[in-house]
Amino acid sequence: MKNNNNQKPVRKPLNKLTLLDRFLFDTAMSDPEICRNILSIIFGDKEVPSIRIGIAEKTEEPYYDSRAVRMDLLAVDENEVIYDAEAQKENKGKRFLLRRSRLYQSAIDVNLMEPGEFDFGNMNDVYVIFIAPFDLFGKEKYRYTFRMTCDEVPGLSMDDGAVRIFLNTHGKNDEEVPPGLVEFLHYVENPEQQEKEIQDERVRKLAGQIEMLKNSQEVGVKYMRLWEELEEARREGHDSGLAEGHDLGLEEGHALGLAEGRALGLAEGKEAERLKSIKKLMETIGWTSEQAMDALQIPAEEREKYKGKIDGK
């Protein structure tokens, strides 16, 4: 049976991308006006001031030997409120995603103060936002907002300025959230189906902004280059893997026998191919190992061995 995990990824046309696709989401959120529009739709009753900074794929490294955290967007508004927005297309489970949001929150916090500064009251308010096409909590809500509260005193909030929000495109509580948020989340997943039915002015504006991005020659070239880098990484990894597998197969074949040596060589060659492809994407595109393995469609159960080799390089 053919292993679908080893099939070459097919490039999705730019005009068919949705905001759940990393490239389009990053491109949109890099534009301060689009970024502000999306945030205003998400918060609804909260006025979002002009965005001073909008950075796609920003990496936070709190310490030189700690795990780097790559974020789709870090934006700061005129009131110094920080927003990190993430498009999470794949459901990797509640434990993984909730702890990931915790890591992102911590990575932002640890960089908010200058060395030697001790007034923690100066720390910014921070919102970490995940947009996903699945219901992580199973309560059929479009929006789940989390703030730290007290177990012993219901309703008592710590009010520490840290908020995490999980948005679900498959919510069913339309009457509990702003109509614009519902339209936005439906548009995020199925833009072609929803565009003609949009009523909210901000969501209509967003649809126009996204259409302009898709028709932009500059964005098209950027998207093509991304896929060229991906294909080059796969091709170089494949060529290297075949050579290493062949050499190893011959060498081990003397000790293990031709059949066993060939099998071992092919297995090791495949692993070397994938490892080189991962590293190539990390170096040329700036992806994390997880993003590179997502692009290469490496099964979840095989990822730890590659992470170990990358971390130990």
Review point. How do ARG204, ARG225 stack up against each other in accessible area, from largest to smallest, with a 1.4 angstrom probe?
Key: ARG225, ARG204
Check your understanding: If Lys and Arg each add +1 and Asp and Glu each add -1, what is the summed charge of the other residues whose beta carbon sits under 12 Å from the beta carbon of GLY208?
Key -> 0
Practice item. Select from the range 94-203 those chymotrypsin sites (Phe, Trp or Tyr not before Pro) which occupy a DSSP coil region and have at most 16 other Cβ atoms within 10 Å, ordered by residue number. Key: PHE118, PHE134, PHE137
Point to revise | In Hz, Karplus ³J(HN,Hα) per residue of the range 178-188 (6.51, -1.76, 1.60; θ = phi - 60°; x = Gly, Pro) | key: x, x, x, 5, 4, 5, 4, 5, 5, 5, 3
Check your understanding: Using the Cα gyration tensor of the range 80-205, with a ≥ b ≥ c the square roots of its eigenvalues, what is the shape: rounded (a/c below 1.5), prolate (a/b larger than b/c) or oblate (neither)?
Key -> prolate
Review point. Which whole-angstrom value gives the distance between the alpha carbon centres of the range 155-215 and the range 115-146?
Key: 16 Å
Exercise for review: Tell me the trypsin sites (Lys or Arg not before Pro) within the range 109-149 that lie in a loop according to DSSP and have at most 15 other beta-carbon atoms within 10 Å.
Suggested key: LYS139, ARG147
Check your understanding: At a Förster radius of 51 Å, what calculated FRET efficiency corresponds to the Cβ-Cβ distance of MET224 and GLU176, to the nearest 0.05?
Key -> 0.75
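The values are calculated or read from the model by the stated rules, or taken from the named source; none is laboratory data. Being a predicted model, the structure only gives us computed values, none of them experimental. Cβ coordinates were reconstructed from backbone atoms using ideal geometry, including for glycine residues, and neighbour counts include every protein chain displayed. Each accessible area value is taken on the protein alone, full model and side chains, heavy atoms only, with ligands, DNA and RNA left out. Shrake-Rupley method; radii C 1.70, N 1.55, O 1.52, S 1.80 Å.
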